[in-house]
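The values are calculated or read from the model by the stated rules, or taken from the named source; none is laboratory data. Being a predicted model, the structure only gives us computed values, none of them experimental. Glycine gets a Cβ as well: all are built from the backbone with ideal geometry, and neighbour counts include every protein chain shown. Surface areas here come from the heavy atoms of the whole protein model, side chains and all, with no ligands, DNA or RNA. Shrake-Rupley method; radii C 1.70, N 1.55, O 1.52, S 1.80 Å.
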Amino acid sequence: MLVLYLVLLCCGALVLVSQSVQRAEYELAKVEAQSLALQEDIHVLKAEWQYLNAPQRLEVLAEQHLGLVRPDYAPKLPPSLSRVFVSPQNLPSPEPSPQKPVIKAQSPDADIPLNSSSFFQPVSYAVEGVR
Amino acid sequence: MAWQTLPISPVIRIEGEKSAAFNLARGRLVMLSAFFILGYVLIAIRVADLSLVQGQFSHLFGVEQLAGFDSYAPSTSAGAALRRGDILDRNGEVIATSLGMVSLYADPKLISDPDGAARALAGVFPDQSYAELHAKLSAEGRFVWLERNILPEQQQAVLAIGEPGLGFEGEDRRIYPQGSLFSHLLGYTNVDGYGLGGLEAGLHEKLASGESVALTLDLRLQHILRREIAMVMDEFSAKAGAGVIMNAKTGAVLAGVSLPDYDPHHVDKAENEQKFNRLTLGVFEMGSIFKIFSTALALESGNANINSTYDAREGIKIGRYEINDYHAEDRVMSLPEVFMHSSNIGTVLMIRDLGGQALKDFYNDLGLLTPLYDLGISEIGRPLSPQRWGEIETATISYGQGIATSPLQVAAAVASIVNDGKVVRPHLVPQETSQKHDLAVISPETSSVMRRLMRLTVTDGTGGNADVPGYMVGGKTGTADKPSARGGYDRSRRISSFVGAFPIDDPDYVVLVMVDEPKGIKKSYGYATAGWVAAPAAARIVSSMASVLGLPPQNMNVAGAADLDYAAPLRQYIAAEDDKGAR
């Protein structure tokens, strides 16, 4: 009889253990499945976040709602024209130097100081001519 | 009867020689019945467990039904492990990813009512006609795709039709959250997720194994570059454009744009013109930008120094050709002036004595003559250069005509020049081992002179519109006539480009802008040259880069700021020469 009781006891214990193991397995599978589903959600949300944060979209929104504007660059004079606008130290001095004959505006035939640095000449004439 | 007289007892005892055998048999019988009893008990317990414990009283244990698992499983559970990897930019921003979607298929054999099903499906998918659907539903075979990547509402509507022959299959679809921003470099995949162009094809094996790949590209810089090139193309009614921002020290491509581009989600709708990658596949004659390389070789070889002078008063006649200047200065110029005014004549004179082979070897060292096959994408153009580098070929190549390279190659070669002469190789995927190329094409001293010349070009020369106060941009413009269909060159169709590096005293970034066939406008006084088209765009790019990357400007209004003027020695030198000439 004792053997029979022991057997029944063992059976009962086995049932309990197997029940708790199954329960734990269910829980595990459930959590794993949930985790996968959440990972999938995160994946989708990340893509959506990137879409909503695409710089071309943010830029439009910033202009519309924050009043932000992009700096404007006005181009300078064309490089090939810039040669007449020389750097300041190359501009002729406003004070006539004593050696140089002063050109009189009314006498176009007067001696012109020849300046071999050729392309500055038109400017120097203009300046001296005004004096 | 004899047997009645036998004593009856509950246990039959057999004595004698047979008793041992009998006991053995009885023991076996008991064992066997005990085994069966135990078996039946276990089965009974299991039955009670399944029917009572798990069935009736499951709520007492809080155990979910097995069937409940399915609702948690993602639709693509089988493919989840094999999902194509994401492509990230250098800061981990996702620029290509795959999302699980549902596709609709039919098993024509199981379709009970093709007419009704086709009519109902045509209502759900307006882009498919009834006839089309009907043909598919009544086709032979057991499988036919009806619509790939459908919306959840469409799936619901299809379920409502209740046709047993319709089924759904979870599929991944490639998504590019920034749309066409990276289209030429990233490429695209087909509907089955197979990489067909750009990095999607180049990195296909890695991505298909589920690995994510981070690139050298920067999402923010890519946007800046694309925006500015699109703007300058629009402003000058240009046909196309391309540009690159590169790390000058490593060759890492931070941004690369080719316009027009296409929507990678709808590649089938893109024209060939849109699909053509001008940055890496297209090869162009880039023009005066090549004077950077020619001048560097002339300086490095010792054949020229900044005191060298060149008579640019008359064109050079070689055979039946005559080489002239576009920005004609008609005078004897020093080397810095030749560079800043982009004189063809001066550059040809500089290179003439060195010979074609020296120039060819130098260009080869700079990587200008070999395709960039190690970039990681298949759209790589093969540079075009003459078989024989004779006198006239060498002369024109020295100022960038008669040699066609991809804009990316030119940017990399310029990076090599400003990076103390150490050759950099452009790359899109970070290199695992820091591939330090010890090959130096020019000495650090020559590189320093080149950087000063490039700065001078921006402060005083053709690249004036590329200047960004505080960021010391140095660079070179290039305006090249395009080869005409009739042979020779077409002066009305040009490629206008600018390559810059900043900060020029120790450059971190190289920026290249190329605009194809710009037309002169009022704002540019009718000019469509590089100084008017590409240089201002480069300035806007540098300025935007500075704010995005948080680069502080150098204050040019403080005492000692003159020392920061990198081109000052050259400018003083030119001024002194002019004074000498004046005396």
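For B:L166, the stated conditions hold: it is open to solvent by 10 Å² or more (accessible area, probe 1.4 Å), more than 14 Å from every other protein chain (Cβ to nearest Cβ) and touching a residue at least 40 places away in the same chain (Cβ under 8 Å).
Residues in segment B:112-133 that are over 40 Å from the mean Cα position of the chain (by Cα) and open to solvent by less than 50 Å² (accessible area, probe 1.4 Å): 5 in all. Taking segment B:193-244 as the range and being polar (S, T, N, Q) and either over 11 Å from the mean Cα position of the chain (by Cα) or farther than 27 Å from B:N149 by Cβ (or both) as the test, the residues that pass are B:S209, B:S212, B:T216, B:S237.
B:S443 meets all of the listed conditions (1) open to solvent by 10 Å² or more (accessible area, probe 1.4 Å); (2) within 14 Å of chain A (Cβ to nearest Cβ); (3) in contact (Cβ under 8 Å) with a residue 40 or more places away in the chain but one, namely (2). Checked against (1) within 14 Å of another protein chain (Cβ to nearest Cβ); (2) surrounded by 22 or more Cβ atoms within 10 Å (Cβ to Cβ); (3) more than 29 Å from the chain's Cα centre (by Cα), B:I397 passes all but condition (1).
Does at least one position in segment B:229-246 carry a residue that is β-branched (V, I, T) and open to solvent by 10 Å² or more (accessible area, probe 1.4 Å)? Within segment B:229-246, none of the residues are β-branched (V, I, T) and open to solvent by 10 Å² or more (accessible area, probe 1.4 Å).
Conditions tested, residue by residue: (1) of a type in the set (S, T, N, Q); (2) more than 23 Å from B:D268 (Cα to Cα).
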site	(1), (2)
B:G141	no, yes
B:L146	no, no
B:P152	no, yes
B:R173	no, no
B:S183	yes, no
B:L196	no, no
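Screening segment B:94-111 for residues that are open to solvent by 10 Å² or more (accessible area, probe 1.4 Å) and more than 9 Å from chain A (Cβ to nearest Cβ) and picking the one that is nearest to B:A135 (Cα to Cα) gives B:P108. Given the structure, is A:S18 in contact with a His (Cβ under 7 Å, 6 or more places away or on another chain) and either surrounded by 12 or more Cβ atoms within 10 Å (Cβ to Cβ) or modelled with pLDDT of 85 or more (or both)? So A:S18 fails the test. A:E27 passes every criterion in (1) at pLDDT below 90; (2) more than 8 Å from chain B (Cβ to nearest Cβ) apart from (1).
Taking residues in segment A:49-69 that are within 9 Å of chain B (Cβ to nearest Cβ), and partners anywhere that are open to solvent by 50 Å² or more (accessible area, probe 1.4 Å) and part of a loop (DSSP other than H, G, I, E, B), the pairs with Cβ atoms closer than 9 Å and at least 6 places apart or on different chains are A:Q50/B:E93; A:N53/B:E93; A:E59/A:L68; A:E59/A:R70. Going through (1) at pLDDT 85 or above; (2) closer than 21 Å to B:M246 by Cβ one by one, B:G531 falls short only on (2). Filtered by the rule that a residue be crowded, with 18+ Cβ neighbours inside 10 Å and outside any loop (DSSP other than H, G, I, E, B), segment B:371-391 gives a lone residue, B:L375. Scanning segment B:486-510 for residues that are among the hydroxyl-bearing types (S, T, Y), open to solvent by 10 Å² or more (accessible area, probe 1.4 Å) and either at pLDDT 85 or above or closer than 16 Å to B:G402 by Cα (or both) yields B:Y489, B:Y509. Can you find even one residue in segment B:423-431 that is open to solvent by 40 Å² or more (accessible area, probe 1.4 Å), within 14 Å of chain A (Cβ to nearest Cβ) and at pLDDT below 90? No: zero hits.
Of all residues in segment B:392-416, those being in a loop (DSSP other than H, G, I, E, B), modelled with pLDDT of 90 or more and in contact with an Asp or Glu (Cβ under 6 Å, 6 or more places away or on another chain) number 0.
Each row is one residue, and each column tells you yes or no for (1) under 24 Å from B:G251 (Cα atoms); (2) open to solvent by 20 Å² or more (accessible area, probe 1.4 Å); (3) in contact with a Leu (Cβ under 7 Å, 6 or more places away or on another chain).
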site: B:F339; (1), (2), (3): no, no, yes
site: B:Y363; (1), (2), (3): yes, no, yes
site: B:L366; (1), (2), (3): yes, no, no
site: B:L369; (1), (2), (3): yes, yes, no
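Criterion applied to B:G79, B:G16 was being open to solvent by 50 Å² or more (accessible area, probe 1.4 Å), at pLDDT below 85 and out of contact with any Pro (no Cβ under 6 Å at 6 or more places or on another chain), and the one residue passing it is B:G16. Pairs are defined by a Cβ separation below 7 Å, a sequence spacing of at least 6 or placement on different chains, a first member in segment B:476-487 that is in contact (Cβ under 8 Å) with a residue 40 or more places away in the chain, and a second member that is open to solvent by less than 20 Å² (accessible area, probe 1.4 Å) and part of a strand (DSSP E or B); the pairs so defined are B:K476/B:V499; B:T477/B:F498; B:G478/B:S497; B:T479/B:S496; B:A480/B:I495; B:K482/B:I495. Kindly evaluate B:G319 against the criterion of being in contact with an Asp or Glu (Cβ under 8 Å, 6 or more places away or on another chain) and farther than 28 Å from B:Y573 by Cα. Considered against the rule, which asks whether it is in contact with an Asp or Glu (Cβ under 8 Å, 6 or more places away or on another chain) and farther than 28 Å from B:Y573 by Cα, B:G319 comes out as yes. Of all residues in segment B:446-484, those satisfying the criterion of being polar (S, T, N, Q) and either under 10 Å from B:I504 (Cα atoms) or within 14 Å of chain A (Cβ to nearest Cβ) (or both) are B:S448, B:T457, B:T459, B:T462, B:N465, B:T477, B:T479.
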